[in-house]
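The values are calculated or read from the model by the stated rules, or taken from the named source; none is laboratory data. Quick caveat, the model's predicted, so the values are computed rather than measured. Heads up, the Cβs are rebuilt from the backbone with ideal geometry, glycines too, and the neighbour counts pull from every protein chain shown.
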Amino acid sequence: MLETDLRAAIEGGQLFLHYQPQMTADGARVASVEALMRWMHPQLGLLMPHAFIGMAERCGLIIQLGAYALTQAARDSLRWPGLTVSVNVSPSQLHAGFADEAFEIIRRAGGDPRRIELEITENALMSDLDRGRDIVARARARGFRIALDDFGTGFSSLAYLRDLTIDKLKIDRSFVRETHLAQGAAIVHAIVALGRALGLKITAEGVETRDQQIFLKAAGCHFLQGFLFSRPVAAETIDAMLAAEAPARARA
């Protein structure tokens, strides 16, 4: 049973993180990385999050998975002093004490919460706006950055954007795929204009073509993420990417 296997995986070191770079809009350098969990199942091989995160939420294991992700991301962040590391947060993790628990996890791992960005979907926050507002405020008070993930696919209310003290909007890949269409392009322009008016940074996800990059850069996105630049890779590959960028970073 997969649930039993996952319990064993947590204890047996079968879980690990890969990282996908979030690039500057010109594609010249890595601005931050997003941590993405992987599971090397002894029989099924490599499993991506969609194969087990939902199950972990249903059976109560998501808290342990979340703690592992924060711990490993904090440890790996020590390799990259100039980067922010983003970690996805499940709605099931968002309880009143989440910010304090996350802070303690990062502290015990030797990390700095100011270099950890928590990615939370808008639907997770909007399911209970008062609670979501409190959780975000507590997390930011602890030093964390907050990114609103999958923006545009849920409620997308101007009122909650005004009330939530977030740092970044992430444009969902479904809109990026349609930037070649007039309606898709208009939606992206509207999201970018809204985010910039609120003083937020904007990341577009799922960038796969040079034409998408050109459009998104011109539209005003600060950062781009997708297979055009890199698939999620091991921490050692991020090390190599940063080493290759070192001369340009030194000149910046």
### Summary
Among 134, 149, 128, the single one that is within 15 Å of the chain's Cα centre (by Cα) and acidic (Asp, Glu) is 149
#### Entry: Residue check for residue 147: more than 27 Å from residue 213 (Cα to Cα) and touching a residue at least 40 places away in the same chain (Cβ under 8 Å)
no
### Some residue of the stretch 202-217 being of a type outside the set (S, T, N, Q), within 17 Å of residue 83 (Cα to Cα) and at pLDDT 95 or above
yes
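The rows are residues; the columns are (1) over 18 Å from the mean Cα position of the chain (by Cα); (2) closer than 20 Å to residue 120 by Cα; (3) not polar (S, T, N, Q).
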residue	(1), (2), (3)
165	no, yes, no
171	no, yes, yes
180	yes, no, yes
187	yes, no, yes
195	no, yes, yes
203	no, yes, no
206	no, yes, yes
212	yes, no, no
### Query
crowded, with 19+ Cβ neighbours inside 10 Å, within 18 Å of residue 140 (Cα to Cα) and among the small types (Gly, Ala, Ser) - does that describe any residue in the stretch 76-85?
no
### Query
Among the residues of the stretch 202-226 satisfying the criterion of being of a type in the set (Gly, Ala, Ser) and surrounded by 17 or more Cβ atoms within 10 Å (Cβ to Cβ), which is nearest to residue 169 (Cα to Cα)?
204
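Can you spot a residue in the stretch 113-125 that is more than 22 Å from residue 201 (Cα to Cα), in contact with a helix residue (DSSP H, G or I) (Cβ under 7 Å, 6 or more places away or on another chain) and of a type outside the set (A, V, I, L, M, F, W, C)? Give the steps one after another, and end with the answer.
Applying the first criterion (more than 22 Å from residue 201 (Cα to Cα)) to the stretch 113-125 yields none.
No, the stretch 113-125 contains no residue that is more than 22 Å from residue 201 (Cα to Cα), in contact with a helix residue (DSSP H, G or I) (Cβ under 7 Å, 6 or more places away or on another chain) and of a type outside the set (A, V, I, L, M, F, W, C).
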### Task
Take the stretch 25-51 and flag every residue that is among the polar types (S, T, N, Q) and farther than 30 Å from residue 219 by Cβ.
43
### Summary
Across (1) modelled with pLDDT under 95; (2) among the β-branched types (Val, Ile, Thr); (3) touching a strand residue (DSSP E or B) at 6+ places or on another chain (Cβ under 6 Å), residue 192 clears everything bar (1)
### Sole exception among (1) closer than 21 Å to residue 31 by Cβ; (2) crowded, with 21+ Cβ neighbours inside 10 Å for residue 199, by number
(2)
### Task
Look through the stretch 176-216, keep the residues that are in contact with a Ser or Thr (Cβ under 9 Å, 6 or more places away or on another chain) and in contact (Cβ under 8 Å) with a residue 40 or more places away in the chain, and return whichever of them is nearest to residue 23 (Cα to Cα).
203
### Query
Which is surrounded by 14 or more Cβ atoms within 10 Å (Cβ to Cβ), polar (S, T, N, Q), over 15 Å from the mean Cα position of the chain (by Cα) and under 23 Å from residue 6 (Cβ atoms), of 64, 72?
64
### Message
For the condition within 15 Å of residue 34 (Cα to Cα) and crowded, with 21+ Cβ neighbours inside 10 Å, what is the one hit in 120, 106?
### Response
120
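If you take the residues in the stretch 90-123 that are among the β-branched types (Val, Ile, Thr) and either modelled with pLDDT of 95 or more or not in a strand (DSSP E or B) (or both), which one is nearest to residue 149 (Cα to Cα)? Steps first, answer last, please.
Here is the first cut: in the stretch 90-123, the residues among the β-branched types (Val, Ile, Thr) are 105-106, 116, 120-121.
Filter again for either modelled with pLDDT of 95 or more or not in a strand (DSSP E or B) (or both), leaving 105-106, 116.
Details: 105: 22, 106: 21, 116: 15 Å.
Top of the filtered list is 116.
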